[in-house]
Amino acid sequence: MVHGLEEAAELHPAAPPAETAGPVSALIARLNRLVEIVSSAALVAAGIVLTYAVVTRYFLHLSTDWQDEVSVFLIVGAVFMSSAAVQARRGHVGIEAIVGLLSARANHVRVVLVDIATLFFCSYFAWKSFTLLHEAFVGGYRTSSTWQPPLWIPYSLMTAGMALLSIQILLQVVTGLMQRGRTR
């Protein structure tokens, strides 16, 4: 059973180190690191915005109609954009009940098959996010609040995040298939 990210990475690393995996993996690793930093700042900013909203409502009795959407946009952006960085560490929730029951080879096949299924799902999600983004941008769609920011902002973050996640998983699938070819 795995209890931490470090242990999970030791059991089945998601991808080889960026310096040995080629230029695409190295680029994605650097991009993931940048996105982690920006996403962390976005979460801190969302916390500050929400704290400001609570303070101004409670002590000053002022209504702020923009803080909810700003915080949601920041959190949605942070979650979607950082998903590839989390996947690079295999940090997403996974069920490890059968890992100990399978041989190393069967476990490797399981991981690659799950990655392939995940790649199909995430690629479809990225494509659907892009269609939402296009529709919102062309149609000039806005939220229904009094502030009315454009909906292309969160949809663009969803699209970019899911595209990065799909690329990360594709790299993991390719790496897994290459490792399988070497272990035969």
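Can you confirm whether the stretch 121-141 contains a residue that is among the charged types (D, E, K, R) and in contact with a helix residue (DSSP H, G or I) (Cβ under 6 Å, 6 or more places away or on another chain)? If you could, list the steps in order and put the result at the bottom.
Within the stretch 121-141, the first condition is being among the charged types (D, E, K, R), and the residues that meet it are 128, 135.
Okay, now just the ones that are also in contact with a helix residue (DSSP H, G or I) (Cβ under 6 Å, 6 or more places away or on another chain), so none.
No, every residue in the stretch 121-141 fails to be among the charged types (D, E, K, R) and in contact with a helix residue (DSSP H, G or I) (Cβ under 6 Å, 6 or more places away or on another chain).
Take residue 90 and tell me if it is basic (Lys, Arg), in contact (Cβ under 8 Å) with a residue 24 or more places away in the chain and buried (at least 18 other Cβ atoms within 10 Å of the Cβ). Even if it seems obvious, please write down each step before you answer.
Details: basic (Lys, Arg): yes; in contact (Cβ under 8 Å) with a residue 24 or more places away in the chain: yes; buried (at least 18 other Cβ atoms within 10 Å of the Cβ): yes.
It is true that residue 90 is basic (Lys, Arg), in contact (Cβ under 8 Å) with a residue 24 or more places away in the chain and buried (at least 18 other Cβ atoms within 10 Å of the Cβ).
Can you tell me which residue is nearest to the chain's Cα centre (by Cα) among those in the stretch 139-163 that are surrounded by 15 or more Cβ atoms within 10 Å (Cβ to Cβ) and polar (S, T, N, Q)?
That would be 159.
Is there a residue in the stretch 125-132 that is under 23 Å from residue 70 (Cβ atoms) and surrounded by 14 or more Cβ atoms within 10 Å (Cβ to Cβ)?
Checked against the condition, which is being under 23 Å from residue 70 (Cβ atoms) and surrounded by 14 or more Cβ atoms within 10 Å (Cβ to Cβ), the stretch 125-132 yields at least one hit.
Out of the stretch 113-138, which residues are hydrophobic (A, V, I, L, M, F, W, C) and either over 17 Å from the mean Cα position of the chain (by Cα) or at pLDDT below 95 (or both)? Walk me through it before giving the result.
As a first pass, look at the stretch 113-138 and keep what is hydrophobic (A, V, I, L, M, F, W, C): 113-114, 116-117, 119-122, 125-127, 130, 132-133, 136-138.
Selection gives 113, 114, 132, 133, 136, 137, 138.
Okay, residues lined up against (1) farther than 24 Å from residue 94 by Cα; (2) modelled with pLDDT under 75:
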| site | (1), (2) |
| --- | --- |
| 8 | no, yes |
| 11 | no, yes |
| 16 | no, yes |
| 25 | no, no |
| 41 | yes, no |
| 50 | yes, no |
| 56 | yes, no |
| 62 | yes, no |
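Answer yes or no: is there a residue in the stretch 106-114 that is in contact with a Cys (Cβ under 9 Å, 6 or more places away or on another chain), of a type in the set (S, T, N, Q) and surrounded by 14 or more Cβ atoms within 10 Å (Cβ to Cβ).
Initially, the stretch 106-114 is screened for residues in contact with a Cys (Cβ under 9 Å, 6 or more places away or on another chain), giving none.
No; the residues of the stretch 106-114 include none that is in contact with a Cys (Cβ under 9 Å, 6 or more places away or on another chain), of a type in the set (S, T, N, Q) and surrounded by 14 or more Cβ atoms within 10 Å (Cβ to Cβ).
Given the structure, is residue 136 touching a Phe, Trp or Tyr at 6+ places or on another chain (Cβ under 8 Å), small (Gly, Ala, Ser) and either exposed (fewer than 13 other Cβ atoms within 10 Å of the Cβ) or in a helix (DSSP H, G or I) (or both)?
yes
From 64, 118, 56, grab the single residue that is surrounded by 13 or more Cβ atoms within 10 Å (Cβ to Cβ) and in a loop (DSSP other than H, G, I, E, B). Let's see the steps before the verdict.
Values: 118 fails: in a loop (DSSP other than H, G, I, E, B); 56 fails: in a loop (DSSP other than H, G, I, E, B).
It is 64.
This table checks each residue for (1) modelled with pLDDT of 95 or more; (2) charged (D, E, K, R).
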| position | (1), (2) |
| --- | --- |
| 142 | yes, yes |
| 145 | no, no |
| 150 | yes, no |
| 153 | yes, no |
| 158 | yes, no |
| 162 | yes, no |
| 173 | no, no |
| 177 | no, no |
| 180 | no, yes |
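Yes/no per residue for (1) under 21 Å from residue 125 (Cβ atoms); (2) more than 22 Å from the chain's Cα centre (by Cα); (3) not aliphatic (A, V, I, L, M):
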residue	(1), (2), (3)
40	no, no, yes
49	no, yes, no
61	no, yes, yes
64	no, yes, yes
80	yes, no, yes
101	no, yes, no
109	no, yes, no
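Identify all residues within the stretch 88-107 that are closer than 27 Å to residue 31 by Cα and in a helix (DSSP H, G or I); write none if there are none. Before the answer, list the steps.
Taking the stretch 88-107 first, the residues closer than 27 Å to residue 31 by Cα are 88-94.
If the condition is that a residue be closer than 27 Å to residue 31 by Cα and in a helix (DSSP H, G or I), then 88 is the only one that fits.
Would it be correct to say that residue 75 is modelled with pLDDT of 95 or more, surrounded by fewer than 16 Cβ atoms within 10 Å (Cβ to Cβ) and assigned to a helix (DSSP H, G or I)? Break it down into steps so the answer makes sense when it comes.
Working: modelled with pLDDT of 95 or more: yes; surrounded by fewer than 16 Cβ atoms within 10 Å (Cβ to Cβ): no; assigned to a helix (DSSP H, G or I): yes.
Spelling it out, it is not the case that residue 75 is modelled with pLDDT of 95 or more, surrounded by fewer than 16 Cβ atoms within 10 Å (Cβ to Cβ) and assigned to a helix (DSSP H, G or I).
The values are calculated or read from the model by the stated rules, or taken from the named source; none is laboratory data. Worth saying up front: this structure is predicted, and the values here are computed from it rather than measured. Here the Cβ is made from the backbone with ideal geometry for all residues, glycine too, and neighbour counts use every protein chain on show.
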